[in-house]
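Have a look at the structure below, then the notes.
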Amino acid sequence: MRRVKGFTMVELVIVMIIIGLLATFAVPQFGKVIEKTKVAKAKNSLALVCKAQKMWYAEKETYQSCTVSDCQTKFATVIDIQQIGADPDWDYNCAGSYTGYTCNAIRTGGAPDVNAKFIIMDSTGAVTGNHPFK
């Protein structure tokens, strides 16, 4: 008698159930990892703008207030921050005075739980905000 090779339908269904359970746990974690990388990108961009603020202060003895497009124009003499303006995930702005500055990154788009969340970096280097992954 000839033996048929292959998987039974029950075995295939069990494998599909196992894969479905694993995907149920993996997909939400993947979304969190993606959001954490976007937060890291925002922190790096904020650090670059803060560096530009310090360089501006060294020349002008005051800190600069600006939005992203203003910052690109005003800081062009001290540092290149063109990459920040093309960021589809975050909006950046700074508020400066003679004594210090505060730079903000506000999340645009994304999942409802992170949309409009923000990260703040000030002249002391402190990072605050209401984003869950700051």
Just give me the residues in the range 80-107 being over 15 Å from Ala40 (Cα atoms) and surrounded by fewer than 16 Cβ atoms within 10 Å (Cβ to Cβ), in sequence order.
Asp80, Gln82, Gly85, Ala86, Ala95, Ser97, Tyr98, Thr99, Gly100
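Residue check: is Lys41 within 17 Å of Gly129 (Cα to Cα) and surrounded by fewer than 18 Cβ atoms within 10 Å (Cβ to Cβ)?
yes
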Residue list for the range 100-122, filter: farther than 13 Å from Val39 by Cβ and modelled with pLDDT of 90 or more:
Gly100, Tyr101, Thr102, Cys103, Asn104, Asp122
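The values are calculated or read from the model by the stated rules, or taken from the named source; none is laboratory data. All values reported here derive from a predicted model rather than from experimental measurement. No Cβ is skipped: glycine too gets one built from the backbone with ideal geometry, and neighbour counts run over all protein chains shown.
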